[in-house]
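A short worksheet on the structure shown next.
Nothing in this text is a laboratory measurement; each read-out follows from the coordinates by a stated rule. Since the model is a prediction, treat every value here as computed from it, not as a measurement. So basically every Cβ, Gly included, is an ideal-geometry build from the backbone, and we count neighbours across all protein chains shown.
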Amino acid sequence: MWAVLDFISLWTIPFLLAFIPVYGYFKGVRVYEAFVEGASEGFWIAVRIMPYVVAVFVALGIFRSAGAMSLLAETLAPVLSFFGVPAEILPLVIMRPLSGGGALGITAELLKFHGPDSYIGRLASTMQGSTDTTFYILSVYFGSVGIRNTRHALPVGLLGDLAGFIAAVMVVRLVFGY
Amino acid sequence: MVNLIWMILVVSGVLVAARHGEVSKVTESAMTSAQLGVETVLGLIGVMILWLGIMKIAEEAGLVKALADFLRPLVQWIFPSIPKGHKAMGSILMNMSANLFGLGPAATPFGLKAMQELQELNEDKETASDAMVTFLAMNTSSVTIIPGTVIALRAATGSVSPTEIVGTTIIATICSTVVALSADYILRKYRRRR
C-alpha cells in the first residue's frame, strides 16, 4: 500500500511532464507557445504572494526568536505529543482555513526553519496541500450571489479541514515511519 | 480573525523577548525574516513558471474537459437536486477538474458561474440551497492531485525529494473531502427532520 504511494509520488510529475505536451501536440496545441503563455502567470503569482509570505515570516520570526514558540511548545507538549502532533504545526492549523496566503507563508517558514524533509516539514507540506481556505471560499462564493443564510456550510467546511489535518498526521507518520 | 492571530504572534513575541531581557532579538529577527521571506518566494518562481506552463498546455489540449466528462456520473450522484443536463452541472464539473489539476486561478471563475446557475434553481434567494452547500463542502476541502505550490516551495527550500508528499496529500485530501460530504449529508437530513 505505502509502496504504491511512493510510486505515485515518484512518477506523477515525470509522467505529466511527458504526457501533457505529447497529448497536447497531437490535439493540435502549439505546445511551446501555450507553455510560455501559461508560464508568464507564474512570475506574477509569486509577486502576489510575496507580501503575505513576508508578513508571516516576520511575525513567526519574532515569535520564534523571542522564545515564545518554545514556550507554546512546552506548554502544549503533554497534550499534543500524545497524538504525535508537534506544537510548531499549530499556527498552520489555525491559519489554514482563514487565509490562503498566510497559511502558505507559515508552511514556507516551517520548511525553511525545520527543513522540508523533516517530520514537521513533511507534515506542513501535506496539510497545506490537502485542504483549502474555508472562510475565504465561503465568503467569496456565497457573497457573489447574495446568500446570507449559509446553513451548515461553515461547520461542514471546518469539519473537513479537521479531518484533513488528522489524516495528514496519521498518513505522514505511517508513510515516513515517525 | 487573521488580523488578531498575526497581531498576537508579533506582540506576544515582543513581550516574551522583553521578559527575557532580549528585546534586541526582536529587531534582528524582524529584519532577517523579512529578507528570508523574499528569498523563499524568489526561489519558488522557477517551479511555479514551469508548472503553470505545463498546465496551460493541459488546459488547451482539453484535458480539463476530458476529466470533467469522466467525473460526470460521480458528481451527478453527489448532487441529486440538480436536474439532469442542467448547465450548473457543467460548471461544477469544470470547477472540480480545474481544482484536481491544481489550477486554482482557473477554477474560481467556473466556481462563481456554478454558484450563479445554482442560484437560478434556488427558491429562497437569500438562503443557500442543498446543492450550494454540497458544492462548497467539496470546494473548501479541496481535491487536488498535484499540490504544485507546495512542491515548488519544497524545491525552493532544498528538499531532496520535493514530490514525496504527493501521495500523503492525496490520502489526506480524500479524507477531508469524504468527511465534509458525509457531514453535509447527515446535517441536511437531520435538520430537515426537525
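Below, the figures for the structure above:
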item	result
Peptide-level mean, for B:60-66, of C-beta atoms on other protein chains within 10 Å	5
Compactness of region A:1-71 as Cα Rg over 2.2 N^0.38 Å, two decimals	1.83
Lysine pair number, Cα distance threshold 23 Å (strictly under), chain B, separation 8 or more or different chains	12
Under the span-like rule (Cα at least 24 Å along the axis, Kyte-Doolittle mean at least 1.0), DSSP H helices of chain B	B:2-19
For B:Ser142, residues with placed amide H under 5 Å, excluding near neighbours	A:Asp132
Cα-centred dipole magnitude for the protein assembly as shown, charges only on beta-carbon of K, R (+1) and D, E (-1), debye, nearest 20	880 debye
Global geometry of region B:1-72, whether rounded, prolate or oblate, following the gyration tensor of its Cα atoms and the 1.5 cut on a/c	oblate
Peptide-level mean, for A:85-95, of C-beta atoms on other protein chains within 10 Å	1
Distant alpha-carbon pairs in the protein assembly as shown (separation over 26 angstrom), percent	53 percent
Mean-position separation - Cα centroids, region A:99-178 and region B:88-132, in angstrom	21 Å
Choice from A:Phe165, A:Phe63, A:Phe142 showing the highest fluctuation, given a GNM over chain A with Cα pairs closer than 10 Å	A:Phe142
Value of Rg to Rh for region B:85-194 (Rh from inverse mean 1/r over Cα pairs, i.e. Kirkwood)	1.07
Degrees separating the helix A:100-114 axis from the principal Cα axis of chain A, which is the longest one	70 degrees
Top of A:Glu33, A:Glu88, A:Glu109 by mean-square fluctuation, Gaussian network on chain A, Cα under 10 Å	A:Glu33
Translational diffusion coefficient (Stokes-Einstein; Kirkwood radius from C-alpha pairs) of region B:50-119 at 20 °C, 1.002 mPa s, in µm²/s	174 µm²/s
For region B:45-193, size of Cβ-based charge dipole, Lys and Arg +1, Asp and Glu -1, in debye	300 debye
Gyration tensor verdict on chain A (Cα atoms; rounded if a/c is under 1.5, prolate if a/b is larger than b/c, oblate otherwise)	prolate
Rg/Rg_globular for region A:32-88, with Rg_globular taken as 2.2 N^0.38 Å and Rg from C-alpha atoms	1.86
Positive-end residue of B:Ser161, A:Thr75, B:Ile49, charge dipole of the protein assembly as shown with Cβ unit charges	A:Thr75
Excluding exposed DSSP-loop GluC sites (Glu not before Pro) (at most 16 other C-beta within 10 Å), longest clean stretch of chain B	B:23-122
Average Cα contact separation per residue, region B:45-193, under 8 Å, 6 or more apart, as relative contact order %	22 percent
Peptide B:3-12, shielding by other chains (average Cβ, 10 Å cutoff)	6
For a label point 7 Å along the Cα-to-beta-carbon line of A:Ala3, residues of region B:154-176 with backbone N under 15 Å	none
Vicinal HN-Hα couplings computed from phi for region A:19-30 (Karplus, 6.51 cos²θ - 1.76 cosθ + 1.60; Hz; Gly/Pro x)	5, 4, x, 5, 4, x, 4, 6, 8, x, 7, 7
Per-q log10 I(q)/I(0), region B:37-88, q = 0.15, 0.27 Å⁻¹ (Debye; single scatterer per alpha-carbon; no solvent)	-0.64, -0.99
Neighbour-limited loop hits for trypsin sites (Lys or Arg not before Pro), region A:27-113 (at most 16 other Cβ within 10 Å; DSSP other than H, G, I, E, B)	A:Lys27, A:Arg30
Point-to-point label distance, A:Arg48-A:Ile94, nm (Cα→Cβ direction, 7 Å offset)	2.7 nm
Taking chain A and dividing mean pair separation by its residue count, relative contact order in percent (alpha carbons under 8 Å, at least six apart)	18 percent
Residue among B:Arg19, B:Arg72, B:Arg154 with the largest mean-square fluctuation in a Gaussian network model of chain B, springs linking Cα atoms under 10 Å	B:Arg19
Overall form of chain B per C-alpha gyration tensor (a/c, 1.5; a/b vs b/c)	oblate
